[in-house]
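The values are calculated or read from the model by the stated rules, or taken from the named source; none is laboratory data. None of these values were measured; they are calculated from a predicted model. Using ideal geometry, Cβ is built from the backbone for each residue, glycine included, and neighbour counts are taken over all protein chains shown.
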């Protein structure tokens, strides 16, 4: 297994028309969740990814398992909860550039995850353990599970990758800040955005954020700056990798998960941090050009085409 991840995935409902959701009468049902999005992204890029979670013993949970398994992700460690339901969320396209998300996940099956869901034999077979800051916000037992998973990974030489993925609506600012800083201190690689860095350290300066995350305990910091590009900070070097230009952003939700998939794909393939980030930037750009969390996740040939086209354009300009 190349990467194992853990977290909640929900049934996603999107109105079939734009505008205020109160006027919507029909919806399309899809699947979405930061961790499974990333795992699907890795599978499409030709890697082995495993997902740890819980789903409800309901039709949405069954649809979710069928879909994610069908995308090539290993779901052997996903449990079916007979007492709690599968979580839901709605994506509202109010107008161009104004996309809002509403979650209905309190008491969901995934929020019941605990240390019982940490399987050492499953985690230790992976090269990387990917976690996000969404999971500890779901419940105390989920938070305890992540701590146990990190300890298990470190015990077995598995690299821990942490994406803060801040969701302010799930918990208080104080609890969020304390928990995310604690997880960042335990991770080998941290994948924050500029806004998340500002939330944690009260500064937007990339170099300062890189220094602070390294001081916090991370060995490598990959700092995302949206459509501008991505900064890399290691113990002995730092770099900036520009983003790929996108003519039209159809749906930005899921771009960060796509970046994580592309970046981890590069690491699994043995690329340098700069080239891994370039792949992450390319995947993130491609994701924004399709509606839905996973519909725009590309295959490796699509990524290579974008990277090569951009390189050729730079050669022409020079």
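Scan segment 21-37 for residues that are surrounded by 13 or more Cβ atoms within 10 Å (Cβ to Cβ) and more than 18 Å from residue 105 (Cβ to Cβ) and the total you get is 1. Only one of the numbered conditions (1) closer than 20 Å to residue 259 by Cα; (2) in contact (Cβ under 8 Å) with a residue 60 or more places away in the chain; (3) surrounded by fewer than 16 Cβ atoms within 10 Å (Cβ to Cβ) is not met by residue 132, and that is (3). Within segment 38-61, the set of residues being more than 20 Å from residue 106 (Cβ to Cβ) and touching a strand residue (DSSP E or B) at 6+ places or on another chain (Cβ under 8 Å) comprises 38, 39, 40, 42, 43, 47, 48, 49, 50, 51, 52. Scanning segment 65-84 for residues that are out of contact with any helix residue (DSSP H, G or I) (no Cβ under 8 Å at 6 or more places or on another chain) and either at pLDDT below 95 or surrounded by 14 or more Cβ atoms within 10 Å (Cβ to Cβ) (or both) returns 65, 67, 69, 74.
Here the helices (runs of 4 or more DSSP H) wholly within segment 162-253 that include at least 3 residues being without any contact (Cβ under 8 Å) to a residue 24 or more places away in the chain are 173-186, 206-216.
Picking from residues in segment 6-44 that are touching a helix residue (DSSP H, G or I) at 6+ places or on another chain (Cβ under 7 Å) and in a strand (DSSP E or B), the one that is nearest to residue 264 (Cα to Cα) is 6.
Residues that are within 19 Å of residue 242 (Cβ to Cβ), touching a helix residue (DSSP H, G or I) at 6+ places or on another chain (Cβ under 6 Å) and buried (at least 17 other Cβ atoms within 10 Å of the Cβ) within segment 200-220 comprise just one, 209. Assess whether residue 64 counts as being under 21 Å from residue 267 (Cα atoms) and touching a residue at least 12 places away in the same chain (Cβ under 8 Å). For residue 64, the condition - under 21 Å from residue 267 (Cα atoms) and touching a residue at least 12 places away in the same chain (Cβ under 8 Å) - is not met.
Would a scan of segment 112-124 turn up a residue that is surrounded by 14 or more Cβ atoms within 10 Å (Cβ to Cβ), at pLDDT 95 or above, part of a loop (DSSP other than H, G, I, E, B) and out of contact with any helix residue (DSSP H, G or I) (no Cβ under 8 Å at 6 or more places or on another chain)? Yes, segment 112-124 has at least one match. Restricting 193, 197 to those that are over 21 Å from residue 129 (Cβ atoms), surrounded by 19 or more Cβ atoms within 10 Å (Cβ to Cβ) and under 18 Å from the mean Cα position of the chain (by Cα) reduces the list to 197.
When segment 90-109 is limited to residues that are in a loop (DSSP other than H, G, I, E, B) and more than 19 Å from the chain's Cα centre (by Cα), the one that is surrounded by the fewest Cβ atoms within 10 Å (Cβ to Cβ) turns out to be 97. Being over 17 Å from residue 112 (Cα atoms), in contact (Cβ under 8 Å) with a residue 60 or more places away in the chain and surrounded by fewer than 22 Cβ atoms within 10 Å (Cβ to Cβ) is the requirement here; does residue 41 meet it? Against the criterion (over 17 Å from residue 112 (Cα atoms), in contact (Cβ under 8 Å) with a residue 60 or more places away in the chain and surrounded by fewer than 22 Cβ atoms within 10 Å (Cβ to Cβ)), residue 41 does not qualify.
Name the single residue that is farthest from the chain's Cα centre (by Cα) among those in segment 125-154 being part of a loop (DSSP other than H, G, I, E, B) and farther than 15 Å from residue 4 by Cα. Residue satisfying both the conditions and the ranking: 139. Residue count for segment 273-300 under the criterion of being out of contact with any strand residue (DSSP E or B) (no Cβ under 8 Å at 6 or more places or on another chain) and more than 14 Å from residue 243 (Cα to Cα): the result is 7. Filtered by the rule that a residue be under 21 Å from the mean Cα position of the chain (by Cα), surrounded by fewer than 21 Cβ atoms within 10 Å (Cβ to Cβ) and at pLDDT 95 or above, segment 155-172 gives a lone residue, 159.
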